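Encoded as structure tokens, the structure appears first; notes follow it.
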Amino acid sequence: MGRFTAFLISRLRQWERPAQVGLLLALVLLAAALLTAALGPASLRVPALTGAFGLLLAVQVIFMWANRHMVTPFTRAQRLYLAEDFTGARQTLEALVAAGKADVRALTLLGNTYRQLGLLDESQESLTKALSLDPADPFPLYGFGRTLLVRGMYAEAEAAFDRALMAGAPAIATIDLGEALYRQGRGEQACSILQANRTAADEPHRALLVDYLLYRMGAGGRPAREQVQAGLPFWLDVARRFQHTPYGQMLAEDVRHMQALTEEI
């Protein structure tokens, strides 16, 4: 309890002055309203309780407003990553590493960020560090598999995806596993996994990849023009980013074939 109080006081000291004054005033009025409801005449109890309820809401609003900028570096990096500001996310996470404050989550996000920037050596190194801290965490395992996949290390990527799924990774990892198998020329296994997990591809580019690979393996129909147009920009970007890897070169061939499909339909 003492630690929580000390933490709360330290956070309050970081607030802007208007928020501190507003909170103090709201708490004083809240105390007065509660005392009036408990000790005052019966005619004032309902108004006092109504006022106390309004003041509680005011306290919550003050807390939210005062803490609007108080996010952790990891949360800030997450937001930058989701906004596709990978350079900003990298800088934020590298500062955590330099300060010795990077945990498994931060190292995993940094590894994924490096991969988005095409820095595959750095990505693999960061994800390896995350796994050294927790070898059974599905998220660095999945990120590690993605990095190995785009490097063209398909067998190693398959093993990482298998481990990630055994550790509880989301079903989307089955799509990556199917692709790793396909890239190795193991069509029968790839086809079985992709067909069984087609519903896991809940994004346009993922759905396109699944249907395209099944089509190439003779296990599905040709993707529709609209589907290709919706998902193709993502794969164009990936092929460009990793054009120096065997995966990027193989994907570039797939992209050209997808583009040809739209002309044939």
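Data for the structure
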{"item": "The stretch 177-205, residues that are in contact with a Phe, Trp or Tyr (Cβ under 7 Å, 6 or more places away or on another chain) and of a type outside the set (A, V, I, L, M, F, W, C)", "result": "R183, Q184, H205"}
{"item": "Among the candidates A159, A102, A164, residue that is of a type outside the set (K, R), in contact with a Pro (Cβ under 8 Å, 6 or more places away or on another chain) and either assigned to a helix (DSSP H, G or I) or surrounded by 21 or more Cβ atoms within 10 Å (Cβ to Cβ) (or both)", "result": "A164"}
{"item": "Residues located in the stretch 103-123, provided they are in contact (Cβ under 8 Å) with a residue 12 or more places away in the chain and over 15 Å from L141 (Cβ atoms)", "result": "D103, A106, L110, T113, Y114, Q116, L117, G118, L120"}
{"item": "Single condition A224 does not satisfy, out of (1) touching a residue at least 40 places away in the same chain (Cβ under 8 Å); (2) within 18 Å of L181 (Cα to Cα)", "result": "(2)"}
{"item": "Residue check, T128 open to solvent by 50 Å² or more (accessible area, probe 1.4 Å) and not acidic (D, E)", "result": "yes"}
{"item": "Among residues of the stretch 193-216, those that are in a helix (DSSP H, G or I) and open to solvent by 70 Å² or more (accessible area, probe 1.4 Å), counted", "result": "6"}
{"item": "Criterion (out of contact with any strand residue (DSSP E or B) (no Cβ under 9 Å at 6 or more places or on another chain), free of Cβ contacts under 8 Å to residues at least 60 places away in the same chain and in a loop (DSSP other than H, G, I, E, B)) met by exactly one of A252, A230, A239, A219", "result": "A219"}
{"item": "The stretch 57-97 - residue that is modelled with pLDDT under 85 and not aliphatic (A, V, I, L, M) and, of those, least open to solvent (accessible area, probe 1.4 Å)", "result": "N67"}
{"item": "Sole exception among (1) within 40 Å of the chain's Cα centre (by Cα); (2) modelled with pLDDT under 80; (3) open to solvent by less than 80 Å² (accessible area, probe 1.4 Å) for G54, by number", "result": "(2)"}
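The values are calculated or read from the model by the stated rules, or taken from the named source; none is laboratory data. Note that this is a predicted model, so its numbers are computed, not measured. Backbone-built Cβ (ideal geometry, glycine too); neighbour counts: all protein chains shown. Accessible surface is based on the protein model in full, side chains and every heavy atom, while ligands, DNA and RNA are left aside. Shrake-Rupley method; radii C 1.70, N 1.55, O 1.52, S 1.80 Å.
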